[in-house]
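Here the structure comes first, spelled out in structure tokens, and everything after it is commentary.
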Amino acid sequence: MPKRSSNKKSGREDEAQAAVRVIAIIAEKSEEDEPRDIPPEVSAAAAALGRRGGLKGGPARAAALTAKKRSEIAKKAAAARWKKD
């Protein structure tokens, strides 16, 4: 019985290989970029906005949940804390 001929392409890369190559090139360029310094005023403003939303989020979610649902969530959390690895 004759042997099958090879189905390999002659040195050409397929789409997946090309994508990996492009991502590697982009990653190299992004590593060369120096990190930008964010002014302290911007950081403080962003932190204040995040804090404001965070302070509202927990109580608003708790108010929207039924007692049964809160109990289920608490039981699941306790089980996760006490779970042995």
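The values are calculated or read from the model by the stated rules, or taken from the named source; none is laboratory data. Owing to the predicted nature of the structure, the values given are computational and were not obtained by experimental measurement. Note: ideal-geometry Cβ built from the backbone for every residue, glycine included; neighbour counts use all protein chains shown. Areas reflect the complete protein model, heavy atoms only, side chains present, ligands, DNA and RNA absent. Shrake-Rupley method; radii C 1.70, N 1.55, O 1.52, S 1.80 Å.
Within segment 49-65, residues that are at negative phi reach partners that are surrounded by 10 or more Cβ atoms within 10 Å (Cβ to Cβ) and at pLDDT 85 or above with beta carbons closer than 8 Å, at six or more positions or on different chains, in the pairs 62/70; 65/73.
Among residues that are modelled with pLDDT of 90 or more and either open to solvent by 80 Å² or more (accessible area, probe 1.4 Å) or assigned to a helix (DSSP H, G or I) (or both), residue 73 is included.
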